[in-house]
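In what follows, a single structure is set out as structure tokens and then discussed.
The values are calculated or read from the model by the stated rules, or taken from the named source; none is laboratory data. Model, not experiment: these values are computed from the prediction. Neighbour counts are summed over all protein chains in view; Cβ atoms, including those assigned to glycine, are modelled from backbone coordinates with ideal geometry. Surface areas here come from the heavy atoms of the whole protein model, side chains and all, with no ligands, DNA or RNA. Shrake-Rupley method; radii C 1.70, N 1.55, O 1.52, S 1.80 Å.
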Amino acid sequence: MDFGGGEDLVPCGKDKFISKNELLLHLKTYNIYYEGQNLQLRHREEEGELIVEGLLNISWGLRRPIRLQMQDDNQRIRPPPSSSSWHSGCNLGAHGSVLKPSTLPDIQVTDAEATPNTEAPGNGTAPRPAAEEAPQLMRTRSDVGVRPRGSARTAGEQRRIRRHRFSINGHFYNHKTSVFTPAYGSVTNVRINSTMTTPQVLKLLLNKFKIENSAEEFALYIVHTSGEKQKLRGSDYPLLARVLQGPCEQVSKVFLMEKDQVEEVTYDVAQYIKFEMPILRSFIQKLEEEEDREVKKLMQKYTILRVMIKQRLEEISEGPTAM
């Protein structure tokens with residue numbers, strides 16, 4: 001692609017270039033379309049190289065389930081310290097140590113307005129009924145001190161874990177749904193720049209959602225509403241490809257799909273995809289009729305040539321005998 005005059009060129013793929021001025025025009029159109037939205041792109045120059053950066057929308061187009069990592073589920077939640085008040089339920093001794101159940105004192109639970117009893121229990125005090133001890137021990141027991149490792153987390157702790165992890169359209173990891181298929185056409189986004197190639201964008205997307213599958217299983221496709229599907233090569237820059245395609249996602253979208261499940265569809269083929277089967281059959285019939293006519297023309301043409309050649313051969317063979 002020759003822009004002449006020594007104009008600055010920006011690489012947009014293997015052996016593909018675009019002039020800097022033309023790219024800036026595309027970028028201006030893109031940002032006008034997304035004015036006031038977080039999808040607007042910024043650009044800067046570093047050592048004479050134009051770099052575009054911002055969010056890229058990617059739609060899920062997977063047919064097979066993906067696997068989410070379990071690492072977040074292994075993280076332990078540390079409860080906040082609660083030794084400053086006896087209302088927290090911690091059973092603390094005089095020096096702040098946790099008392100064992102066998103050494104628990106006989107604690108009288110009274111109302112907040114009642115005067116606390118400062119007398120120590122005597123040896124002749126009658127034992128308390130077991131039915132009254134149970135609720136008192138439950139109220140003075142500390143979950144921090146006696147919670148066994150590996151016990152099930154509460155709903156509040158699970159919500160706290162989720163806040164530290166991205167979701168896929170509201171789907172979070174759990175043991176029952178760690179393998180699932182994202183809703184087809186649902187949209188996510190990643191923050192990238194124009195120097196990142198397709199494999200780098202794929203790895204960034206999978207890492208964002210803690211997906212175990214290898215990036216080698218997937219590919220990025222630009223899918224048009226006409227049905228055309230164009231696979232982005234490993235040397236392509238997805239953000240620049242999006243800018244050059246235009247900002248409107250009603251015309252084209254970037255899809256994440258499996259490599260072995262999708263075939264590229266050229267523009268010529270895509271023109272016929274939206275037609276109904278009867279119309280497509282009529283197209284095929286017309287093409288077959290045109291093919292038959294062309295075959296007949298060729299057969300007639302070469303039949304005439306064959307006759308002319310035979311006549312000329314006969315004339316040449318008869319010439320010497322006549323002499």
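Against the definition (within 16 Å of the chain's Cα centre (by Cα) and within 23 Å of Val10 (Cβ to Cβ)), how does Ile222 come out, yes or no?
Details: within 16 Å of the chain's Cα centre (by Cα): yes; within 23 Å of Val10 (Cβ to Cβ): yes.
Considered against the rule, which asks whether it is within 16 Å of the chain's Cα centre (by Cα) and within 23 Å of Val10 (Cβ to Cβ), Ile222 comes out as yes.
If we only count strands (runs of 3 or more DSSP E) wholly inside region 218-323, which ones have 3 or more residues that are touching an Asp or Glu at 6+ places or on another chain (Cβ under 9 Å) and open to solvent by less than 80 Å² (accessible area, probe 1.4 Å)?
Values: elements: 218-224, 229-231, 252-258.
Fully inside region 218-323 and qualifying: 218-224, 229-231.
Mind listing whichever residues of region 179-217 are part of a loop (DSSP other than H, G, I, E, B), over 22 Å from Ser252 (Cα atoms) and open to solvent by less than 40 Å² (accessible area, probe 1.4 Å)?
If the condition is that a residue be part of a loop (DSSP other than H, G, I, E, B), over 22 Å from Ser252 (Cα atoms) and open to solvent by less than 40 Å² (accessible area, probe 1.4 Å), then Phe209, Asn213 are the ones that fit.
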